């Protein structure tokens, strides 16, 4: 068992937000999914105050060692999530972490207040990769913005608050420190790295959103470096993610200072990747300790 911010997890492998659709998976695999759920906690797709359709297609581009996505956070909004998705996610056999994103303090407060009071929710993840309309700055790129946001959100809920950091900065450490100073209970990294793709045979962008986020094996070395730096600088648990596809790679992230790891892109190739990686990780840790 792993104690993560007071939440008991049966192993240290969770999912990255938006990379495993538990509701669709249950439609496909039935209740067997509940008996063989691949993660020790489930992180929801990021929800926003109002519904979003997401970016126009195409939305995906495969690279030789990763994936660029320009999904654009399609979701039902807070009201739709609470009415439709939350009752279904509450039936999962693991703790639920709800990911939220907004562009102002008031909108973040609405999300944290609306979700944080629900008993079905174990923790909240604040996705801070969106511009703050009050300052024009990306919250996740500014230590002061991160601190300010957390200072305002912290009194709104007793649930653990995780802050999802962006790798698209020269140094994520000051942002992580700012979030912790503001009251964050944990930080997670890395989110995707800003990327683009050109349409074959043309000089035009392939993705409907023009740019997207790169994930998968190609970002693992960056994730390892940033995890090492952030874990050494903060006293709260770190969730490491970025190109993890094996137990050995998960063990490396734990050795770098992470408390738990999150699997994302690998789940598109193997929906049961979380269970496999957790089993491989247990073997790695047993071998190292033995």
On the basis of being more than 22 Å from residue 37 (Cβ to Cβ), touching a strand residue (DSSP E or B) at 6+ places or on another chain (Cβ under 7 Å) and either surrounded by 23 or more Cβ atoms within 10 Å (Cβ to Cβ) or in contact (Cβ under 8 Å) with a residue 60 or more places away in the chain (or both), does residue 265 make the cut?
no
Residues in segment 44-60 that are over 13 Å from residue 80 (Cα atoms) and assigned to a strand (DSSP E or B): how many?
1
Can you say whether residue 65 is more than 24 Å from residue 184 (Cα to Cα) and surrounded by fewer than 18 Cβ atoms within 10 Å (Cβ to Cβ), as far as the supplied structure shows?
yes
May I ask you to list the residues in segment 66-83 that are under 16 Å from residue 21 (Cα atoms) and touching a helix residue (DSSP H, G or I) at 6+ places or on another chain (Cβ under 9 Å)?
75, 76, 81
Counting just the residues of segment 138-161 that are assigned to a loop (DSSP other than H, G, I, E, B) and in contact with a helix residue (DSSP H, G or I) (Cβ under 6 Å, 6 or more places away or on another chain), which one comes out surrounded by the most Cβ atoms within 10 Å (Cβ to Cβ)?
159
Among the residues of segment 213-223, is there at least one that is in contact with a strand residue (DSSP E or B) (Cβ under 8 Å, 6 or more places away or on another chain) and free of Cβ contacts under 8 Å to residues at least 40 places away in the same chain?
no
Counting only residues in segment 162-207 that are in contact (Cβ under 8 Å) with a residue 40 or more places away in the chain and part of a strand (DSSP E or B), the one farthest from residue 120 (Cα to Cα) is identified as 196
Residue check for residue 94: buried (at least 16 other Cβ atoms within 10 Å of the Cβ), under 16 Å from residue 15 (Cα atoms), at pLDDT 95 or above and touching a helix residue (DSSP H, G or I) at 6+ places or on another chain (Cβ under 7 Å):
no
Does segment 52-59 contain at least one residue that is buried (at least 22 other Cβ atoms within 10 Å of the Cβ), in contact (Cβ under 8 Å) with a residue 24 or more places away in the chain and under 30 Å from residue 206 (Cα atoms)?
no
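The values are calculated or read from the model by the stated rules, or taken from the named source; none is laboratory data. What you are looking at is a predicted structure, and each value in this text was computed from that prediction instead of being measured. Every residue, glycine among them, receives a Cβ derived from its backbone with ideal geometry; neighbour counts consider all protein chains shown.
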